[in-house]
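Below is one structure; the comments refer to it alone.
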Amino acid sequence: MIEYSGFLNEDIRFDKIERLDNEGGTCETYIVHIKGKAYFMKRLRCQYSCDPNYRLIFNKEFEIGKAISNSYIPQYLSLGEDGQGLYILMEYVQGVTLQEKLKKEPAFFDNDANIRKMLLQLLVGLKSLHDNNIAHLDITANNIILCQVSNDVKIIDLGFCLESSYRKTAGYTPCDNMAPELKNKQLDQIDASTDFYEIGVLLEAIEKVRRRPLPHYLQKIKKRCLQHKKEARYANADTIIRAIKYSSFYTMRRIAAWAAALLF
């Protein structure tokens, strides 16, 4: 069992190391095995391992990650350094990214219940960050894993997040669909609504692979999340969660009423 620790662990021995295929960025990623159990390892690339700014940002990710306890965010377990540089060990999650799911299993998103479950879990995970004054800032389809067995959500990669104690960030994933305040690098304008903008982008991506439109309530959520002015978006995750649960309850009542009408 690896203990949570803010100290550098130099005595961990890996039985097996499998490098994952990822290009670009400041980190390399691996699956490592310790006493028969698999863990995910994120390591600073060698060209950044001695840079004090990148080391600070890497340490920031670990400190923030280990302080969060939520079933929809992988556990951050240990910060270490060996002959190859600085690394983070965390819970290994077996599954596929949302991006892979969209490409390989688009029919999964034809089921409204699958989208509703995923969205609720994503919002609960984000709420745990926002409640600790943390904005993720990189809620892309590549940073959401759907677990292999249950399709439960895991939000990964806190490397770009912004937290009040650590105003320095590693940057953001460049894309045309990022929130306006991110695109304009207005750090003082970033808050929870910045992450909700990216949820709107995810709903757009899901809608593109479906063989029918999103339910009306998800259309409304998507539209509000994508507002250019952050004040027009949702202020907190609870508001969106209530909107989803209320719509689900109302839909079930209509189905029950329709079924009852058929019986009489």
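Miscellaneous remarks
- Residue list for region 199-221, restricted to those being under 18 Å from D138 (Cβ atoms) and either open to solvent by 30 Å² or more (accessible area, probe 1.4 Å) or touching a Ser or Thr at 6+ places or on another chain (Cβ under 7 Å) (or both): V201, E204, A205
- When each of R167, R224, R233 is tested for being modelled with pLDDT under 95 and either among the charged types (D, E, K, R) or open to solvent by 30 Å² or more (accessible area, probe 1.4 Å) (or both), the lone residue that passes is R167.
- The single condition among (1) loosely packed, with under 11 Cβ neighbours inside 10 Å; (2) at pLDDT 90 or above that E3 does not satisfy is (2).
- Of residues in region 89-109 being open to solvent by 20 Å² or more (accessible area, probe 1.4 Å) and more than 16 Å from the chain's Cα centre (by Cα), the one farthest from Q219 (Cα to Cα): K104
For every residue, the table says whether it meets (1) under 23 Å from F62 (Cβ atoms); (2) open to solvent by less than 10 Å² (accessible area, probe 1.4 Å); (3) not hydrophobic (A, V, I, L, M, F, W, C).
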{"position": "L123", "(1), (2), (3)": "no, yes, no"}
{"position": "N133", "(1), (2), (3)": "yes, no, yes"}
{"position": "H136", "(1), (2), (3)": "yes, yes, yes"}
{"position": "N142", "(1), (2), (3)": "yes, no, yes"}
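- Scanning region 58-80 for residues that are in contact with a Ser or Thr (Cβ under 9 Å, 6 or more places away or on another chain), assigned to a helix (DSSP H, G or I) and either farther than 17 Å from C27 by Cα or open to solvent by 20 Å² or more (accessible area, probe 1.4 Å) (or both) returns E63, I64, K66.
The values are calculated or read from the model by the stated rules, or taken from the named source; none is laboratory data. The model shown is predicted, which means the values in this text are computed figures rather than measured ones. Here Cβ is always computed from backbone atoms with ideal geometry, including for glycine, and neighbour counts include all displayed protein chains. Calculation scope for accessible area: heavy atoms of the full protein, side chains included, ligands and nucleic acids excluded. Shrake-Rupley method; radii C 1.70, N 1.55, O 1.52, S 1.80 Å.
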